[in-house]
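One structure is given below, encoded as structure tokens.
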Amino acid sequence: MSPKIAPTRGNMVKLASSMKLAEKGHDLLEQKRTILLLELMGKIREAKDLQRSLEDVFSKAYFSLQMAGLSLGIENVEELSYSVPETNDFTIRLHSVMGVEIPKVDPVEKPPQPCYSFLGTSGTLDSAYLHASEVLSLIARLAEVETSVYRLAVQIRRTFRRVNALEKVVIPYHKKMLAWISNVLEENDREDFTRMKIAREETEREGGWGI
């Protein structure tokens, strides 16, 4: 080890204070990582549930669309689909979890409004329209959860790196430096004591010879 600071008591006090801060920061980051991991696991479970629900609703929506196509004809269904307005008024809110901005999409719960004439259509088209609305709602929720998972994972990785740096580099360095300074100071104290003892003995001898 090649120390870059002088082995003084003042520097020893500064290092001890710095190490306490590093240890406190390490503990806080460990707590943060634990909380973020718990949040991440919950979001992953939620994402899996949403994916299963989405697969089920997609299957129903696709079957309903097939039935509408058989009932009304693919060309007519495609033409009628142009009358359905696009949904782009999603409301996204953010809330913080240990400093991580997590999105929250307001539920898409507006009841589907009739946007095509009942004349020349059938219940199969209505069913396809309702299932498509369910798909839209689930996709919005899944996008919210998957974005949350990504942001939490990124922050957990960063926190892990910081914890690892404190645990493997910063804190051990401070401990080694404190031990080195302590050893140097003890050695200096012993040398000072030895010099003082020798000087006292020489003074005593010189005083005895003077008598």
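Working carefully through the options S96, S83, find the one that is modelled with pLDDT of 80 or more, of a type in the set (G, A, S) and under 30 Å from E134 (Cα atoms).
Testing whether each residue is modelled with pLDDT of 80 or more, of a type in the set (G, A, S) and under 30 Å from E134 (Cα atoms) leaves just S96.
Condition (residue is modelled with pLDDT of 80 or more, assigned to a helix (DSSP H, G or I) and closer than 26 Å to S133 by Cβ) applied to segment 25-45: is it met by at least one residue?
Taking every residue of segment 25-45 in turn, at least one turns out to be modelled with pLDDT of 80 or more, assigned to a helix (DSSP H, G or I) and closer than 26 Å to S133 by Cβ.
The values are calculated or read from the model by the stated rules, or taken from the named source; none is laboratory data. Quick caveat: nothing in here was measured; it's all calculated off a predicted structure. Methodologically, a virtual Cβ is constructed for each residue, glycine included, from the backbone with ideal geometry; neighbour enumeration extends over all protein chains shown.
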